[in-house]
Amino acid sequence: MQDLTATRVSIPGVIGPYDAYVHLGDQWNGFARPLFALDTVREIAAHTQILADEGGCNSVVTAHVIDGDPDSEGMPRAVVLTVNWQFWDQDGGASKVTTVAESTAEGLYPVGGSSWTWEIETWTCACQESNPWHLAVCHCGQPRDRQPAVPLEAATWTAGATLRRLAPGTTAALVELLDGHARIVGVFAGETEIDTADDTGPFDCETLGEADEILRLATDEAAPGDLDAAGWVPVETEHAGRLFRVTFPAGEHGRYPLDYMPRPIPAPRSSQKPPGVPIQRAV
Ligand SMILES: [Zn+2]
């Protein structure tokens, strides 16, 4: 069986996001068929029941967790149900509108797969690229968990991505700030300076001008301290404080291959013991 991938899912505007596991590519009518740890199922159950309290049972399919005693190996036993109240009259009562979600061998529960419109969450990188949640590093090289501290840092990355369109090995630039106007005066691949002349180097005036403009707009808006926060390192010159070395995001030649995916994370089996009551009502 295909490995599980840890991600996040939601029903946009209704519930979520929740931590979930999916088999990538396993879909129902274009929607995800996620699996959840029991503790996450409890969150989903609580949320659906709040929605039912607010809008009436017919407005939402409710989820429920009924806890039993631990099994002979001490693992928690629980019954996970979903109830589609709106079809009670039409379909003929409780057993017809109730679905039991059997846990998988990993101790995960399929709640709402093949009927709920679960969607995999996305995150938007500073480079404007929208990525599925489980793609932990954007194609531009930026990790999801290490996004820009200030707008100038985001602009710096965008300028870097702009330069890499023509020189994929670009790692850094020398930027001059003169009367508040940013201008790229040198581009580097590691320690090697890249020829920025229009006729002999990889760049053209339009691309360098585009990168200049991205930095100019961002420095116009920058607050004191933003240069430092964005990683702009002053270079010692006779015009101290006006020349900066800015480093663009790391990555293999500045970019990850387009099919880069994080390694799947094995799903943990919940070892949390259930509450010490022999019979607990559905929450
Ligand atoms: Zn990006």
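Every read-out reported here was derived from the displayed coordinates using simple, explicitly stated rules and does not represent laboratory data. Keep in mind the model is a prediction, meaning the values are calculated, not measured. As a convention, Cβ positions derive from the backbone with ideal geometry for all residues, glycine included, and neighbour counts pool all protein chains shown.
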### Query
Who wins for biggest fluctuation among THR104, THR117, THR219 in a Gaussian network model of the chain, springs between alpha carbons below 10 Å?
THR104
## Note on the structure
Checking rank on 87-96, 34-43, with mean other Cβ inside 10 Å and highest first, the result is 34-43, 87-96
### Task
Specify the residue with the greatest mean-square fluctuation among GLN27, GLN86, GLN147, computed from a Gaussian network of the chain linking alpha-carbon atoms under 10 Å apart.
GLN86
### Task
Just rank ILE50, ILE184, fewest to most, by other beta-carbon atoms within 10 angstrom.
ILE50, ILE184
### Task
Mind pulling the angle between the C-alpha long axis of helix 205-221 and the longest principal axis of the chain? Nearest 10 degrees, somewhere in 0 to 90.
70
#### Entry: For the chain, the spread of Cα positions along each principal axis, largest first, Å
81, 39, 37
### Message
How tilted is helix 38-55 with respect to the longest principal axis of the chain? Cα atoms for both, answer in degrees (0 to 90, nearest 10).
### Response
80
## Note on the structure
Of the residues PHE87, GLY231, LEU208, the Cα lying farthest along the dipole of the chain towards its positive end, which is defined by charges on the beta carbon of Lys, Arg, Asp and Glu, belongs to PHE87
### Task
Evaluate the distance, in nm, between pseudo-label points positioned 7 Å from the Cα of ASP39 and of THR117 along their respective Cα→Cβ axes.
3.1
### Task
Kindly express, to the nearest 10 degrees and within the range 0 to 90, the angle between helix 151-164's C-alpha long axis and the longest C-alpha principal axis of the chain.
70
### Task
Using the number of other C-beta atoms within 10 angstrom as an exposure proxy, rank CYS140, CYS57 with the fewest first.
CYS57, CYS140
#### Entry: Taking PHE203, PHE31, PHE248 and counting other C-beta atoms within 10 Å, the order from fewest to most
PHE31, PHE203, PHE248
### Query
If you take the square roots of the eigenvalues of the alpha-carbon gyration tensor of segment 5-123 and sort them as a ≥ b ≥ c, do you get rounded (a/c under 1.5), prolate (a/b over b/c) or oblate?
oblate
### Query
In nm, to one decimal, how far is the GLU206 label point from the VAL185 one, both placed 7 Å along Cα→Cβ?
2.8
### Task
Quickly estimate the mean residue ellipticity at 222 nm for the chain, helices only: each DSSP H run with n ≥ 4 gives -39500 (n - 2.57), and the total goes over all residues, rounded to 500.
-6500 deg cm²/dmol
